[in-house]
Amino acid sequence: MKEVLGKHNQKLAVDDRMVKGGTYKNLSTVIFVPTLGMIPIEVVQSWMNLIKPMNQKIAGPIPLKGMEVGDAYEQMVTMLRANAELKKWKYVLTLEDDNIVPPDALMKLQEDIEAGPTFDAVGGLYWTKGEGGKPMCYGRTDVDPLDFVPWLPPQNVVAPCRGLGMGCTLFRMFRLLDEKFDGRRFKTVEQTEPGKGISMYTQDLRFFESAGKLRYRFAASTRVLVGHYDKESGITW
């Protein structure tokens, strides 16, 4: 009998390493970045060190330059819909130009969104800037469905929540392109309405509030800890 060369060739069944590494799965991902054009080198270096899964299609980071951030993300959806190839890919990763990500951020977010229960978006954890910064993980799923109060999940968990930031967040492509959304997905609002008072919310929470009404599910991963860089002070929050 001919000897089989190679230790791993002697056992060709899919083993735990392949299951955990996801080499047999479709993990195709498009990366988008809204920016006004000047990105700190500290941020760019972290993106350059981002580990990509082997034998998978990864596109980007693709800049969305010179637009208000809500408009930039709307343009992202328009671009994807118009691209016959990219709109068939599985995931979209959003990065923002002041977020420093760990090298394994993409791979861990892919693991987390694939592991189940099924989430439609999973984001790394980061904080608003400043001494009184809040974790950008909004709303507990076990309380009032209108709750979007920031809260801090435990370490090394994938915690269901009602909303996230978008500085390092992985979305399922088909959810972003879903036709069920009522109007814009992403919109930044600062307005005063007679009889209602002041309305203020950012494009990310606008999306997650609308998507939550469609019963989409989200989670914050405290396995992926992301820095929020303040170029004025040089501090990463």
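Read the figures in this text as sums done on the coordinates, not as results from a lab. Keep in mind it's a predicted model, so treat the numbers as computed, not measured. Neighbour counts run over all protein chains shown; Cβ positions are idealised from the backbone, glycine included.
The table below lists the values:
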{"quantity": "Förster radius 45 Å - calculated FRET efficiency between residue 151 and residue 83 (Cβ-Cβ, nearest 0.05)", "calculated": "0.75"}
{"quantity": "Ranked 204, 71, 104, criterion: other C-beta atoms within 10 Å, fewest first", "calculated": "104, 71, 204"}
{"quantity": "Calculated from backbone phi, Karplus (6.51, -1.76, 1.60) coupling profile of segment 56-67 in Hz, x at Gly/Pro", "calculated": "10, 7, 10, 10, x, x, 9, x, 10, 9, x, 10"}
{"quantity": "Principal axis box of segment 69-125, alpha-carbon based, largest edge first, Å", "calculated": "29, 27, 18"}
{"quantity": "Hull shadow area, averaged, segment 64-176 [alpha-carbon convex hull, nm²]", "calculated": "8.5"}
{"quantity": "Order of 48, 38, 173 - criterion: other Cβ atoms within 10 Å of each residue's Cβ, fewest first", "calculated": "38, 48, 173"}
{"quantity": "Cβ-based exposure ranking for 54, 79, 136, 107, in which fewest neighbours within 10 Å come first", "calculated": "54, 79, 107, 136"}
{"quantity": "Restraint check, 129/180; 52/213; 87/108; 87/180; 25/231; 88/213, Cα-Cα greater than 28 Å", "calculated": "129/180; 52/213; 25/231"}
